[in-house]
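The values are calculated or read from the model by the stated rules, or taken from the named source; none is laboratory data. Computed from a prediction, not measured in an experiment: that's the story for all the values here. Backbone-built Cβ (ideal geometry, glycine too); neighbour counts: all protein chains shown.
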Amino acid sequence: MIMRQVSSVLKTIKKILLYLWQAVGGGIIYYRNTSGFTNTYNNVKCYYLEMAPKELGLYMWARESASAYKNGVYGLKDTIGSGRQNTALIVATTAYPIIYVPAAHACNTYKNNSKEDWFLPSRNELAELSNYYKNVIGNFDNVPAYGYWCSTQFSNSDAYYMDRLGGSIIGMINMVIGISSPFDKTATHAVRPIRAF
């Protein structure tokens, strides 16, 4: 009996916290660093990462004919604060990003609540999103079965992503420990833009 009441109170607290963490971009703040971190795109000190209210759909990271696939993208990092710069570097590999690097293009052109500074998260920014689902939400039910792309590549032809299939946590238990697995860039995964401020 007491355990049920405690469980009910905890669920209510989570809902209140989720409401309070609604951010100016219309999404949810899922990461906070009281010391701050540097957004490597513009060298601005930031304290929060906000995820868009929903994923944008399913996209390839890069087409096989794209330079970003054949040659990779130089300068991509996996640190918190590097996702926006990574996204800019990926989009800059082609004059036609909507065709050749659709995942990064979708995030780069996303707008919500008058905010236009959204990007494809880096590997560590995506790991923090995994931690948010694990520690705040308590489950991965809202993560699409196809998983989420990030802007960090593993090799010229592979990039990292966070996955979940059929309601269970898989992919080398990556969402349990907050890491992501590499996968071919031509695969289709969901995209969840984030922003730093």
### Query
Conditions: (1) over 19 Å from ALA106 (Cα atoms); (2) within 19 Å of the chain's Cα centre (by Cα); (3) of a type in the set (Gly, Ala, Ser). ALA52 meets all but one. Number of the miss?
(1)
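Here are TYR161, TYR133: which of them is closer than 25 Å to PHE197 by Cβ, modelled with pLDDT of 85 or more and hydroxyl-bearing (Ser, Thr, Tyr)? Walk me through how you get there before you give the answer.
Values: TYR133 fails: modelled with pLDDT of 85 or more.
Result: TYR161 is the single residue among TYR161, TYR133 that is closer than 25 Å to PHE197 by Cβ, modelled with pLDDT of 85 or more and hydroxyl-bearing (Ser, Thr, Tyr).
Conditions tested, residue by residue: (1) under 20 Å from ALA159 (Cα atoms); (2) buried (at least 17 other Cβ atoms within 10 Å of the Cβ).
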position: GLY27; (1), (2): no, yes
position: TYR30; (1), (2): no, yes
position: THR34; (1), (2): no, no
position: PHE37; (1), (2): no, yes
position: ASN42; (1), (2): no, no
position: LYS45; (1), (2): no, no
position: TYR48; (1), (2): no, yes
position: LYS54; (1), (2): no, no
position: GLU64; (1), (2): yes, no
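Output the residue which, of all residues in the range 109-120 that are among the polar types (S, T, N, Q) and in a loop (DSSP other than H, G, I, E, B), is nearest to ALA159 (Cα to Cα).
Within the range 109-120, the subset among the polar types (S, T, N, Q) is 109, 112-114.
With in a loop (DSSP other than H, G, I, E, B) added as a condition, the list becomes 109, 113-114.
Values: THR109: 21, ASN113: 30, SER114: 30 Å.
In this case the residue turns out to be THR109.
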### Query
Which of the following residues is surrounded by fewer than 15 Cβ atoms within 10 Å (Cβ to Cβ), at positive phi and out of contact with any Lys or Arg (no Cβ under 6 Å at 6 or more places or on another chain): GLY81, GLY75?
GLY75
### Selected residue [free of Cβ contacts under 8 Å to residues at least 60 places away in the same chain and over 19 Å from SER155 (Cβ atoms)] from ALA106, ALA92
ALA92
